[in-house]
Amino acid sequence: MDSAAVEIDGSVMEGGGQILRVSAALSCITGSAIKIIKIRAGRSTPGLSRPQHLTGLQLVSDLCSGSLQGASIGSTDISLTPGKVRSGNHTADTQTAGSVCLLLQAALPCALYADAASQLLLKGGTNAEMAPQIDYTVKVFKPIVEKFGVHFDCDIRMRGYYPKGGGEVAVTAQPLKELQPVSMTDRGNITKIHGRAFVAGVLPFKLAKDMSAAAVRTIRKEIKELYINIQPVQEKEKACGNGNGIIIIAESSTGCLFAGSALGKKGVYADKVGIEAAEMLLRNIRHNGCVDEFLQDQLIIFMALAKGTSRIRTGAVTLHTQTAIHIAEQLTQAKFTITKSEDELSSGVTYIIECQGSGVVNPNL
């Protein structure tokens, strides 16, 4: 164990898997060894309780030819000593419905600092609880993160649902010299609302139609002037297991994207799933910020690494975002400030998250 390793308290603030993902990625990119202690200490099952946590750490270690200690299910302390970031093919399989999107959150930033393109084959759940749906990653996260100069392709080969998983997503990420800062402070008007309500496996197509109709009705109460197109879809050959869910996306005149989503569960009416997603979308539009509550924390690592000052207007700053900032400031030279901004167009308060990025340059290019 390197005595110069940065010690990170895995129980602070949000205290979950996000600390692992952000810390591991930044360790890999900056070359600083880390030791994460008290992993998920406050949770009902502390430590690396989920296969996706372990798989994510192993994937990052693989990407940076690192040495990973303590990585076993239930472990509360791990250390990662990174080597050189390497391109090429990397496979990660949660062997459960663990989220492939969370694997990508940890791995994508690392792949940007390789010497050539990286192919990531990620296996697990594509539409899982407590994680972004793959549709969110492709339709919301991807276009926004491209503003930093990131380029990746995402091929959904198979969708996988709880409890079995079995999904498969192939990602090709291009390296870059350095990330550019972004400024997203003016939302403009909502110009388009569209989405996808899906059923897979043995579930009847009617569920997709019901989710879609209930979501449209809910949004209509608040937004009357826009055409809302939520496509009901029956997934046949490219889906493993049974599942149903919905994702609705709103686009603004200045290129901001927002989403609301929900997954069906046993015993929950399809209407309720549609309404839940619609209400989430409306909540994320009302504050007049430029990102929704889920994109907020996912952008912190890119802001921290970029060269120059990024500014993003958001609604209430989430605990996940505060946690990501805390870790980013510990492991990079980035400096964040959050200022309240009274907004005459908005019902509530918005905030500007500003970051003087650390300007990490890719040494392999």
Looking at this structure, is Ser11 more than 23 Å from Ala114 (Cβ to Cβ) and of a type in the set (S, T, N, Q)?
yes
Taking strands (runs of 3 or more DSSP E) that do not extend beyond segment 271-365, which have at least 1 residues that are hydrophobic (A, V, I, L, M, F, W, C) and open to solvent by 10 Å² or more (accessible area, probe 1.4 Å)?
335-341, 350-356
Which pairs do you get when a residue that is in contact (Cβ under 8 Å) with a residue 12 or more places away in the chain and basic (Lys, Arg), found in segment 27-55, comes within reach of a residue that is surrounded by fewer than 20 Cβ atoms within 10 Å (Cβ to Cβ) and outside any loop (DSSP other than H, G, I, E, B), reach meaning Cβ atoms under 7 angstrom, with the pair 6+ apart or on two chains?
Lys35/Glu7; Lys38/Asp9
Looking at Lys123, Lys84 in this structure, which one is touching a residue at least 40 places away in the same chain (Cβ under 8 Å), open to solvent by 10 Å² or more (accessible area, probe 1.4 Å) and not in a loop (DSSP other than H, G, I, E, B)?
Lys123
Using the structure shown, decide if Leu112 is among the hydrophobic types (A, V, I, L, M, F, W, C) and over 29 Å from Ile193 (Cα atoms).
yes
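A quick yes/no check of all residues on (1) of a type in the set (D, E, K, R); (2) without any contact (Cβ under 8 Å) to a residue 40 or more places away in the chain; (3) part of a loop (DSSP other than H, G, I, E, B):
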site: Asp186; (1), (2), (3): yes, no, yes
site: His194; (1), (2), (3): no, no, no
site: Ala197; (1), (2), (3): no, no, no
site: Leu207; (1), (2), (3): no, no, no
site: Ser212; (1), (2), (3): no, no, no
site: Ala215; (1), (2), (3): no, no, no
site: Arg220; (1), (2), (3): yes, yes, no
site: Glu225; (1), (2), (3): yes, yes, yes
site: Pro232; (1), (2), (3): no, yes, no
Note on segment 8-39: residues under 18 Å from the mean Cα position of the chain (by Cα) and of a type in the set (Gly, Ala, Ser) are Gly15, Gly16, Gly17, Ser23, Ala24, Ala25
Residues of segment 74-95 that turn out to be out of contact with any Gly (no Cβ under 8 Å at 6 or more places or on another chain) and closer than 24 Å to Ile8 by Cα, as a count
2
Residues of segment 299-337 classified as polar (S, T, N, Q) and within 16 Å of Met13 (Cα to Cα), total
5
When segment 211-228 is examined, which residues are found to be open to solvent by 40 Å² or more (accessible area, probe 1.4 Å), of a type outside the set (A, V, I, L, M) and farther than 27 Å from Arg313 by Cβ?
Arg217
Failed condition for Glu237, given (1) at pLDDT below 95; (2) part of a helix (DSSP H, G or I)
(2)
Residue that is modelled with the highest pLDDT, among those in segment 40-81 that are β-branched (Val, Ile, Thr) and surrounded by fewer than 19 Cβ atoms within 10 Å (Cβ to Cβ):
Thr76
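The values are calculated or read from the model by the stated rules, or taken from the named source; none is laboratory data. All values derive from a computational prediction rather than experimental measurement. Ideal geometry is used to build each Cβ from the backbone, glycine not excepted, and the neighbour counts take in all protein chains shown. All accessible areas refer to the heavy atoms of the entire protein, side chains included, with ligands and DNA or RNA removed. Shrake-Rupley method; radii C 1.70, N 1.55, O 1.52, S 1.80 Å.
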